[in-house]
1. Restricting to the stretch 358-372, give me the number of residues that are surrounded by fewer than 20 Cβ atoms within 10 Å (Cβ to Cβ) and modelled with pLDDT of 85 or more.
2. Can you give me the ranges of the helices (runs of 4 or more DSSP H) entirely in the stretch 72-133 with at least 2 residues that are in contact (Cβ under 8 Å) with a residue 24 or more places away in the chain and closer than 30 Å to residue 58 by Cβ?
3. Checking residue 125 against (1) surrounded by fewer than 19 Cβ atoms within 10 Å (Cβ to Cβ); (2) at pLDDT 85 or above, which test does it fail?
4. Restricting to the stretch 263-275, name every residue that is of a type outside the set (Asp, Glu) and either surrounded by fewer than 22 Cβ atoms within 10 Å (Cβ to Cβ) or part of a helix (DSSP H, G or I) (or both).
5. Taking the condition touching a residue at least 12 places away in the same chain (Cβ under 8 Å) and either open to solvent by 20 Å² or more (accessible area, probe 1.4 Å) or under 16 Å from residue 251 (Cα atoms) (or both), does residue 57 pass?
6. For the stretch 340-354: of the residues being modelled with pLDDT of 90 or more and in a helix (DSSP H, G or I), which is most open to solvent (accessible area, probe 1.4 Å)?
7. Any chance you could count how many residues in the stretch 305-323 are open to solvent by 70 Å² or more (accessible area, probe 1.4 Å) and not β-branched (Val, Ile, Thr)?
Amino acid sequence: VTENRSDLEDLHLYATPREQRFRRFASLEFEGQLYMTPYDFIQAVTNDEPKRAKKWRSLSKQELNQILMETPPVWKGSSKLFRNLNEKGVISYTEYLFLLCILTKPHAGFRIAFNMFDTDGNEMVDKKEFLVLQEIFRKKNEKRERKGDEEKRAMLRLQLYGYHTSTNSVCTLNTSDLCKKRSIVSYWDTLRRSTSQALFSDLAERADDTASSLSDTTLLVHFFGKKGKAELNFEDFYRFMDNLQTEVLEIEFLSYSNGMNTISEEDFAHILLRYTNVENTSSYLENMRCRIPEEKGITFDEFRSFFQFLNNLEDFTIAMQMYNFASRSIGQDEFKRAVYVATGVKLSPHLVNTVFKIFDVDRDDQLSYKEFIGIMKDRLNRGFRGYKPIQRYTTFKSCVRKELYSR
């Protein structure tokens with residue numbers, strides 16, 4: 001059984017941008033609720049559009065049970081988990097938001113994220129505590145629902161959450177703070193603000209009411225076992241978050257490396273700019289080509305360290321402002337030191353030089369850090385603020401080099 005494309009577009013009119021993207025990439029439906037496969041999720045955060053025409057395939061109860069039976073436990077996780085699962089997994093809309101949040105979290109924030117779930121302070125998270133996440137995300141989304149046909153919006157809620165809800169029901173909670181920000185990162189802020197003991201107890205009770213009507217998912221079985229009785233410790237939670245960040249970065253890196261150990265500096269620039277709202281990327285790319293005439297390449301370790309830094313962008317911004325207030329110019333040494341002081345990440349001299357050559361448009365070897373930070377904030381919001389179509393090509397020199405080394 002498949003869903004008609006016209007129905008997809010019809011309900012899109014009532015969906016938020018996040019909901020639209022989830023619905024566009026999701027490929028499965030079970031009892032009226034839409035799900036992504038692990039493959040769908042990877043596609044949603046690494047591609048502009050789905051690679052195939054999207055029709056939702058209905059899962060039978062037997063098929064879903066078989067998928068969940070083959071889900072590995074959390075202690076068997078790896079940085080290839082999603083690639084290994086491929087189409088054999090189901091991810092709900094609220095879990096999609098949770099996974100997007102993980103991609104923007106610094107390692108130092110993993111403990112904070114865990115503690116927000118662990119409300120009883122026993123250093124373990126159980127299934128009930130984790131399900132509160134869904135209730136918080138649902139309420140945040142309901143508060144920003146678009147006005148229109150109530151029947152259509154009810155259908156949309158059924159697709160995304162698996163049950164009908166009334167927007168009036170959320171008024172019993174003080175959720176005025178839940179809609180102040182638009183970025184995907186704000187979901188963690190919402191979670192932090194929402195987990196006062198009283199509010200959490202209320203949400204936990206409501207989560208219990210709805211959990212019985214919801215189906216298990218790949219993440220729930222991965223974290224809490226097939227019977228839902230296992231508990232998640234911090235070490236496994238940390239490893240899962242770190243593995244997911246690494247896996248997405250590996251996929252992006254490998255899509256450009258063509259089997260080599262490095263990607264070209266130009267490819268690195270394309271990856272940085274592809275998720276942003278920069279209108280004219282050619283000036284950045286041309287600037288970099290002129291100023292880095294000889295390719296050295298960017299290794300995966302350098303690539304990963306840069307994105308670990310980006311996940312600490314807020315702390316780095318504060319450090320940059322301190323330099324600005326002291327009337328100090330921002331050269332490569334100051335930039336590298338500020339990154340290390342603010343984030344604990346050491347960037348290689350070549351990587352820093354490459355970043356400067358990309359963003360130092362006026363070629364004075366000083367970084368316009370406000371412009372840089374603005375562009376990188378766009379980059380952090382992958383999968384939400386939209387994808388800028390990007391040309392997938394490398395320089396002729398890069399192609400020749402890769403061809404020679406592949407022989």
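The values are calculated or read from the model by the stated rules, or taken from the named source; none is laboratory data. Being a predicted model, the structure only gives us computed values, none of them experimental. Backbone-built Cβ (ideal geometry, glycine too); neighbour counts: all protein chains shown. Accessible surface is based on the protein model in full, side chains and every heavy atom, while ligands, DNA and RNA are left aside. Shrake-Rupley method; radii C 1.70, N 1.55, O 1.52, S 1.80 Å.
1. Result for the stretch 358-372: 0.
2. Values: elements: 81-85, 93-103, 110-117.
Correct list: 81-85, 93-103.
3. (1)
4. Quick first cut of the stretch 263-275, residues of a type outside the set (Asp, Glu) only: 263-264, 268-275.
Within the stretch 263-275, 268, 269, 270, 271, 272, 273, 274 qualify.
5. Numbers: touching a residue at least 12 places away in the same chain (Cβ under 8 Å): yes; either open to solvent by 20 Å² or more (accessible area, probe 1.4 Å) or under 16 Å from residue 251 (Cα atoms) (or both): yes.
Criteria met by residue 57.
6. My answer is 340.
7. 4
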